[in-house]
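Scroll down for the structure; my scribbles are underneath it.
The values are calculated or read from the model by the stated rules, or taken from the named source; none is laboratory data. Being a predicted model, the structure only gives us computed values, none of them experimental. Positions of Cβ are generated from backbone atoms using ideal geometry, with glycine treated the same way; all protein chains shown enter the neighbour counts.
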Amino acid sequence: MTVPQRWETHSLLPVLVDALSLTEADEEVQRLVEAFGGEPASVAEHDLGEPVTRVRKLRFSSGGEIVLYDGAVVGAILHVKPAPGCPGVVDLGQWIAGVTNAATLDDLKAALELPVRFAGFSSPYVAVGHGYARFRFARRDGSGGWKDPGNLTGIVVTGKTPGLTMIDGDECPRCSDLLVRGEGGVDVDATIGRLEVAVSSRAIEEDAHWASLGDLTAIHASGLMERAESQLRCRTCRRIICLTLYRDGPATFGYHVLDDAMRRPMESIPPVEQWGSAERIAMAQAAMQYVDHEPGSWFLARQGDTLYFDARYSLGVADDSALIALNGEEREGYRTGGRSYLAELAKRMQAKPAGRRGSPYYSRDLSRRGGESGRDYRGEFTAAIKNHTWRAEQRARRT
Ligand SMILES: [Zn+2]
């Protein structure tokens, strides 16, 4: 027999975990409802995405919340701080022995005796049985965030890893009404229209690794891609909106967390000459274009006579890259030395990382914000190389 762990004997988290993936008719869910005080103070329902997920939220005066997708429990939340639409906050000491609502991450770790993991850099969580408990803090970093008392806002228990789900972000005021439904599901033109408005008001931003919103219908109409997808990130809740047009099926519209969105399959986008209008082709010819790359090290793009070179470097723990326009000497070096010259240049840039002041590449780095021209070199460059990145190659391999 296995010895019960401390989180099982000294917390009520098992009551939350046991309800996962079951329905309101199930005993385990009823037990959770009872633990939250019986009758919910409010029940809110809405549709999410296309194909539609029916979201149902039971909120209790005790500060508890149960979230169901299409009738099954996907998560439960213990609200430690008042949240929009939620009528109360929990007394955390009743749920986890030995902690208060002012608990820090270390307090929670000690009380539950579980190792803390991280989803991305910002979401600490622990594995509890067949579920996960994510600790939500008002500030997301370690300094003044989870290290100081008073910043815990809630504990979110889900069946999926926190990196793959976000049940508490689906009522974001900035991005929740961007889908327009028509007769057959997504009204594609109207939805693209709304997304474009949201992009121009800077509520959301396009991810240049994917098909751009303006190209989506033309690529789809060409029939050259099995699935053409645009991805857009909400600046408020950080969810990724994926609008996907299928060659052989209805369009879909969904909200995803970053880890999930990144892994979505996509074929290479065919050359613009095969699907673009004359105007669009002319635009592409005037834009930066991919020339060459060395996996994991550098990329080269061209625009007119200008060569743009992007080389990776690492600064301690973090990897970054510097984007420069080759100067006269470097262009000559490339003309005569080709790829081996670029490899050397990448090495030189790695030795004097552009992220450090004093590096000769610091002021040349076009990806640094606040460039005097205001031009988005990094975005243009990313768009030019999108079919050739490691991620794109991984995705293409799987499709
Ligand atoms: Zn949002």
Exercise. Filter the stretch 2-50 for residues that are out of contact with any Leu (no Cβ under 8 Å at 6 or more places or on another chain), part of a helix (DSSP H, G or I) and not β-branched (Val, Ile, Thr) and give the result.
Key: Glu8, Pro14, Glu27, Gln30, Arg31, Glu34
Practice problem: For residues that are out of contact with any helix residue (DSSP H, G or I) (no Cβ under 7 Å at 6 or more places or on another chain) and either assigned by TED's automatic domain parsing to the domain that holds Gly49 or within 14 Å of the ligand (Cβ to nearest atom) (or both), tally how many sit in the stretch 200-213. | Solution: 3
Quiz item: Restricting attention to the stretch 160-213, which residues are in a loop (DSSP other than H, G, I, E, B), free of Cβ contacts under 8 Å to residues at least 24 places away in the same chain and of a type outside the set (Gly, Ala, Ser)?
Solution: Asp177, Val180, Glu183, Asp187
Practice problem: Could you run through the stretch 235-263 and say how many residues are in contact with a strand residue (DSSP E or B) (Cβ under 8 Å, 6 or more places away or on another chain) and surrounded by fewer than 19 Cβ atoms within 10 Å (Cβ to Cβ)? | Solution: 7
Quiz item: If Arg395 passes every condition in (1) buried (at least 18 other Cβ atoms within 10 Å of the Cβ); (2) more than 16 Å from Asp310 (Cα to Cα); (3) at pLDDT 90 or above; (4) not hydrophobic (A, V, I, L, M, F, W, C) but one, which one does it miss?
Solution: (3)
Quiz item: From the list Leu224, Leu216, Leu245, which residue is more than 16 Å from the ligand (Cβ to nearest atom), free of Cβ contacts under 8 Å to residues at least 60 places away in the same chain and assigned to a loop (DSSP other than H, G, I, E, B)?
Solution: Leu224
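Would you confirm whether or not the stretch 133-151 contains a residue that is closer than 20 Å to Thr244 by Cβ, away from the ligand (no atom under 15 Å from the Cβ) and surrounded by 15 or more Cβ atoms within 10 Å (Cβ to Cβ)?
No.
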Practice problem: Kindly check whether there is at least one residue in the stretch 138-156 that is polar (S, T, N, Q), assigned to a strand (DSSP E or B), at pLDDT 90 or above and not assigned by TED's automatic domain parsing to the domain that holds Arg239. | Solution: yes
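What's the total number of residues in the stretch 193-215 that are β-branched (Val, Ile, Thr) and over 20 Å from the mean Cα position of the chain (by Cα)? Can you show your working first?
We begin by selecting, within the stretch 193-215, every residue β-branched (Val, Ile, Thr); these are 197, 199, 204.
Next, from what is left, pick out any that are over 20 Å from the mean Cα position of the chain (by Cα): 197.
The qualifying residues number 1.
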Exercise. Kindly list the number of the only condition in (1) over 20 Å from Leu164 (Cβ atoms); (2) in a loop (DSSP other than H, G, I, E, B); (3) of a type outside the set (Asp, Glu) that fails for Ser230.
Key: (2)
Exercise. Report, by residue number, each residue of the stretch 103-114 that is surrounded by fewer than 21 Cβ atoms within 10 Å (Cβ to Cβ) and closer than 16 Å to Val157 by Cα.
Key: Leu105, Lys109, Leu114
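Residue-wise test of (1) closer than 25 Å to Ala284 by Cα; (2) within 29 Å of the chain's Cα centre (by Cα).
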site	(1), (2)
Gln303	yes, no
Arg331	yes, no
Gln350	no, yes
Ser359	no, no
Exercise. Identify, by number, the condition in (1) part of a strand (DSSP E or B); (2) surrounded by 14 or more Cβ atoms within 10 Å (Cβ to Cβ) that Met266 doesn't meet.
Key: (1)
Quiz prompt | Selection count where residues are in contact (Cβ under 8 Å) with a residue 24 or more places away in the chain and either in a loop (DSSP other than H, G, I, E, B) or outside the structural domain of Ala138 (by TED's automatic domain parsing) (or both), scope the stretch 101-125 | solution = 7
